Amino acid sequence: MSVKYKVNRLATTNDIRPMVDRHWANLRAAKERGEKVAWASGPTFLFPYAMGMKSHFMAGYAAYCGGIGAADEVLKVAEATGDLPETCSYHRLHMGMAEAVRKGIPVNPAAILPMPDIMISGRFCPEMAHYAEGLYRRMGVPVIAVELPSAYEKEDVPRVKKFVYRQFKEVVIPAFEKVCGKPFDYDRLSEIFSVLKKAATLRNECWEFFKTKPSTWTLWDYGVSIAPVFYMMGDPESIVYYEKLLKELQDRKEKGIPAIAPEGEKYRLYWDGWIPWAFLGKFMRKFTPNGAVCICGRYPWEFFPHPERLDPERPLETFVDSFWGEESPRCFSNKAPKGCVELIGEFIEEYSIDGMIMFSSKSCRIWNLSQPDMMDALYKRYGVPGVVIEADMVDPAMISDSQIDTRLEALIETIDGGRRGRA
Amino acid sequence: MEEVLRKIAEVTSDPYTYVAELKARKNKKIIGCFPMHIPEEIVHAADLIPVVIWRGNESVTWGHAHVPAYDCGITRTFVDDAVKGKLSFMDGMVFNVRQCLQVGEFPLIMDRNVKPAYQKILYLPPIYQGEAVRSFLLEDLESFKTSLEDFTGKKISDDSLKRSIEIYNENRSLLERVYEIRREKPEILKAREVMQTVWSSMLMLKEDHNELLKELIKGMEKKTVETKGDRSKVILVGCLCQTLQFDILDIIEDLGMIVPDDDLYVGSRYFANKAQLNGNPMDALADRYQAKTPLCPAKGVWDVDWAEEVIKQMKDNDAKGVISVRVKYCPPHTCYYPDFKSKMMAEDVPEVMIEMEHEIVSLEGTKTRLQSFAETLSGV
């Protein structure tokens, strides 16, 4: 390999760790002050937030745990206390953490959260409900359960949307009013969406820099920047973060600083599925020497990709529309295989993608569904090759260096072969 | 009775040939219903033949180009069978994508590689509180009915749906009677014969199966069986969606245990609860779907404890222990199992879990586990 590639690290992303540390510390502090705290799966943390209640977020906690290097020890507690290794690793992380608290098993204190006074189980996938069911059985935590399906056919979108809206309105909101002893605070929900709209608009401006060649940042940079447009939504700091990030990306463009030195990426990759939170460094160390940069992916694009359509004056409706609405049916295009083919096709064209990595999580299938068929359909339509990499978001027992190496090598050879053929 | 059992064994030993011949014999279209909760009665009322999709009979080969090795046996073998053309006799397929994530693999794979003339996706919701869940469930069932009407070009009347429900309810009553007799005379049928009997119900036209069951019941009622008193009774639990390898059932019995009852999908769960016809037939089907027991870990039931239900069942059958059969890569069962196990331990109920994979490399490990369990039960 003649060119020696090296990552040009962004300075702004260094701000994330203290921000998320503070977020989780605030949850602990609230409990210590005697306040009620919630746990939530799916995007349902919005409801406790609107009521001024601190809340955990299932995938956010798992990402945090993986990111700070605590996943392995928490997963070991789960297995030692009965969970089976093939179970969803996010599920196991929560069981392990709860068992560590219940039985006083020492683990990294940063991975410990206060046990909830109420759980809201948003069943995006069945496992998101299974973990809540398990905690209910083990610890008796009261649960508000809502079903959050993704429509597999476009014609099913309206009735799925209506169903989700009704559950929020008829089940979730009254339950929180009861728990908090006050009417639901729609005004606070509006404020949260106003802040989110600003932050996500800035984030979209940042996304534009993925279209430049070479790219000025990587998907991993955006991966670690998701919290401000998701579980930290409503926090004014999220706007500050994205303003700073945007400025840094603009500076980079002006000064000609690419995401990887010396001359930017040789291969622009699409990344399908979960972000491998505990292994970001590992993957970067494999991509970078090859001149490969991950540019976009459907999971990281799930979080309010159309801020222009957010209407803070209609907070509940706008929330439902963002995920289940007819105009922007994220659940159809992001999670239902048929819709995904269309969405990934748009990414390929918009971001000039050379190859696809289909990250197949061994313990969570929500983003894996029909990946080989999607890959085949996209290859036939766009001539863009892909490979599947089987691993996990946080479980080190499910990741293999040699598999990543050989599949990445195969992808690069295929891209090169295609380029030679076209030359 | 032997003749009936021979027929049942024939149906289940080669379901592919049986269903293909059934289609030709009855001159009706076949709709494959992916287990566990598709209301087959609606398909039956559309004058089509519903059959419950089964775990295949060979190792997965082509299927692994479409689904990973860490999907469960029935997911992988169904895809394998479908892409190889082994299920070409199926005119349509129905999937409930909210049961577990793996069902979500199918729609695109079938669209691209199999192209069934009819494909329907259901979103049957878990049994959560609130009117919205009930309305959505009814809408889903209604949309299923409409899609079948569009497919056949014929309306499904309430009367025809009621007739189908009655036929299905009769089948449930007859299977219940088979289980009752087995409870009274535990060794009258081998465990594999009981599983084959339920499985054949999933494959045959229900009217035909009802006739077969009536014959079987007649024979079972007449037959006297000498029960060996030293055998330990055990309840089998789990094994969602799919059949258990019959060899495992034989091992259980060869080791001196007997199975007076079960809590398996291809077992008592399939025929539990009748659809109560007190008015609108769609309501009856929705009520049946929303029944909280037997507890299904895929249906989000909070206020019933699976382990407590099984302990009750064990006591009713004077059984000494429980054998959990966990299908490898079955998330609903896998997520629930640690709590099930804890309760069994807390209640001092002897319980062992055996893991079932589609591809059996060796049964020796399973046999050893079961042998030591049998010895524990008999106090050796």
Worksheet, complete the sentence: Cβ pairs under 9 Å, 6+ apart or interchain, first in region B:132-144 and more than 10 Å from every other protein chain (Cβ to nearest Cβ), second of a type in the set (Ser, Thr, Tyr), ordered by first then second residue, are B:LEU141/B:TYR289
Discussion item. For region A:61-89, give me each residue that is touching a residue at least 60 places away in the same chain (Cβ under 8 Å) and touching a strand residue (DSSP E or B) at 6+ places or on another chain (Cβ under 9 Å).
Written reply: A:CYS88, A:SER89
Worksheet entry | Criterion: on the phi > 0 side of the Ramachandran plot and out of contact with any strand residue (DSSP E or B) (no Cβ under 7 Å at 6 or more places or on another chain) - qualifying residue of B:ASP47, B:ASP71, B:ASP14 | B:ASP47
Item to complete: Would you tally the residues in region B:295-352 being without any contact (Cβ under 8 Å) to a residue 40 or more places away in the chain, more than 10 Å from every other protein chain (Cβ to nearest Cβ) and closer than 20 Å to A:ASP83 by Cβ?
Response: 5
Worksheet entry | Answer residue from region A:390-423, given it is within 20 Å of A:SER352 (Cβ to Cβ) and surrounded by 15 or more Cβ atoms within 10 Å (Cβ to Cβ) and is nearest to the chain's Cα centre (by Cα) among those | A:LEU408
Worksheet item: What is the one condition in (1) open to solvent by less than 10 Å² (accessible area, probe 1.4 Å); (2) within 30 Å of A:CYS331 (Cβ to Cβ); (3) touching a Leu at 6+ places or on another chain (Cβ under 9 Å) that A:GLY67 does not satisfy?
Response: (1)
Response to the item:
Scanning region B:118-131 residue by residue, the ones that are open to solvent by 40 Å² or more (accessible area, probe 1.4 Å) and either more than 7 Å from chain A (Cβ to nearest Cβ) or within 17 Å of B:HIS44 (Cα to Cα) (or both) total 1
Worksheet item: (1) under 19 Å from the mean Cα position of the chain (by Cα); (2) within 14 Å of chain B (Cβ to nearest Cβ): which one isn't true of A:ASP376, the others all being true?
Response: (1)
Item to complete: Go through region B:179-223 and give me each residue that's within 19 Å of the chain's Cα centre (by Cα) and open to solvent by 60 Å² or more (accessible area, probe 1.4 Å).
Response: B:GLU180, B:LYS190, B:ARG192, B:GLU207
Fill in: Scan of region B:14-64 for residues that are farther than 29 Å from B:LEU141 by Cα and in contact with a helix residue (DSSP H, G or I) (Cβ under 6 Å, 6 or more places away or on another chain), ordered by number
B:VAL60, B:TRP62, B:GLY63
Practice prompt. Sort through A:ALA292, A:ALA336, A:ALA377 and tell me the only one that's over 27 Å from A:PRO85 (Cβ atoms) and open to solvent by 10 Å² or more (accessible area, probe 1.4 Å).
Written response: A:ALA377
Item to complete: Of the conditions (1) under 27 Å from A:GLU147 (Cβ atoms); (2) part of a helix (DSSP H, G or I); (3) at pLDDT below 95, A:GLY421 clears all except one; give me its number.
Response: (1)
Worksheet entry | Residue satisfying condition, being at pLDDT below 95 and either among the hydroxyl-bearing types (Ser, Thr, Tyr) or in the same structural domain as A:PRO174 (by TED's automatic domain parsing) (or both), within set A:ALA129, A:ALA111, A:ALA71, A:ALA100 | A:ALA129
Discussion item. Here are the criteria: (1) closer than 30 Å to B:PRO107 by Cβ; (2) charged (D, E, K, R); (3) in contact with a Lys or Arg (Cβ under 6 Å, 6 or more places away or on another chain). Tell me which single one A:ASP117 does not satisfy.
Written reply: (1)
Item to complete: Just need a number here: residues in region B:5-36 that are farther than 20 Å from B:MET110 by Cα and open to solvent by 10 Å² or more (accessible area, probe 1.4 Å).
Response: 16
Fill in: Criterion violated by A:LYS286 - all others in (1) buried (at least 22 other Cβ atoms within 10 Å of the Cβ); (2) closer than 23 Å to A:GLU409 by Cα; (3) of a type outside the set (S, T, N, Q) satisfied
(1)
Discussion item. Being in a loop (DSSP other than H, G, I, E, B), open to solvent by less than 10 Å² (accessible area, probe 1.4 Å) and out of contact with any Ser or Thr (no Cβ under 6 Å at 6 or more places or on another chain) is true for just one of A:LEU10, A:LEU27. Which residue is that?
Written reply: A:LEU10
Item to complete: For B:ASP158, indicate whether it is modelled with pLDDT of 95 or more and surrounded by fewer than 22 Cβ atoms within 10 Å (Cβ to Cβ).
Response: yes
Discussion item. Of all residues being assigned to a loop (DSSP other than H, G, I, E, B) and within 24 Å of B:LYS320 (Cβ to Cβ) in region B:241-261, which is most open to solvent (accessible area, probe 1.4 Å)? Just the residue, please.
Written reply: B:LEU255
Worksheet item: Hey, among the residues in region A:258-283 that are more than 20 Å from A:ILE348 (Cβ to Cβ) and over 22 Å from the mean Cα position of the chain (by Cα), which one's surrounded by the fewest Cβ atoms within 10 Å (Cβ to Cβ)?
Response: A:PRO262
Worksheet, complete the sentence: Exactly one of B:PHE144, B:PHE151 is surrounded by fewer than 21 Cβ atoms within 10 Å (Cβ to Cβ) and closer than 29 Å to A:PHE163 by Cα, and that one is B:PHE151
Discussion item. Looking at region A:291-314 only, could you name the residues that are closer than 20 Å to A:PHE124 by Cβ and either among the β-branched types (Val, Ile, Thr) or assigned to a helix (DSSP H, G or I) (or both)?
Written reply: A:PRO300, A:TRP301, A:GLU302
Fill in: Output for region B:257-310, where each listed residue is more than 21 Å from the chain's Cα centre (by Cα) and within 24 Å of B:GLU187 (Cβ to Cβ)
B:MET257
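Let's see how each residue does on (1) assigned to a helix (DSSP H, G or I); (2) closer than 21 Å to B:GLN99 by Cβ; (3) aliphatic (A, V, I, L, M):
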| residue | (1), (2), (3) |
| --- | --- |
| B:ALA132 | yes, yes, yes |
| B:LEU137 | yes, yes, yes |
| B:SER147 | yes, yes, no |
| B:ILE165 | yes, no, yes |
| B:ASN171 | yes, no, no |
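Yes/no matrix, rows are residues, columns are (1) open to solvent by less than 10 Å² (accessible area, probe 1.4 Å); (2) closer than 30 Å to A:ALA336 by Cα; (3) within 9 Å of chain B (Cβ to nearest Cβ):
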| residue | (1), (2), (3) |
| --- | --- |
| A:PRO85 | no, yes, no |
| A:ALA98 | yes, no, no |
| A:MET115 | no, no, no |
| A:GLY134 | yes, yes, yes |
| A:ARG138 | no, no, yes |
| A:LYS162 | no, yes, yes |
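Every residue, every condition in (1) in a loop (DSSP other than H, G, I, E, B); (2) within 14 Å of chain B (Cβ to nearest Cβ); (3) open to solvent by less than 10 Å² (accessible area, probe 1.4 Å), yes or no:
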| position | (1), (2), (3) |
| --- | --- |
| A:SER322 | no, no, no |
| A:LEU343 | no, yes, no |
| A:GLU349 | no, no, no |
| A:SER352 | yes, no, no |
| A:SER360 | no, yes, yes |
| A:ASN368 | yes, yes, yes |
| A:PRO372 | no, yes, no |
| A:VAL388 | no, yes, no |
Worksheet item: Which one is surrounded by the most Cβ atoms within 10 Å (Cβ to Cβ), of the residues in region A:118-132 that are part of a helix (DSSP H, G or I) and at the interface with another protein chain (Cβ under 8 Å from one of its Cβ atoms)?
Response: A:ALA129
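The values are calculated or read from the model by the stated rules, or taken from the named source; none is laboratory data. This is a predicted model, so every value here is computed, not measured. Glycine gets a Cβ as well: all are built from the backbone with ideal geometry, and neighbour counts include every protein chain shown. Accessible surface areas use protein heavy atoms only, side chains included; no ligands, DNA or RNA. Shrake-Rupley method; radii C 1.70, N 1.55, O 1.52, S 1.80 Å.
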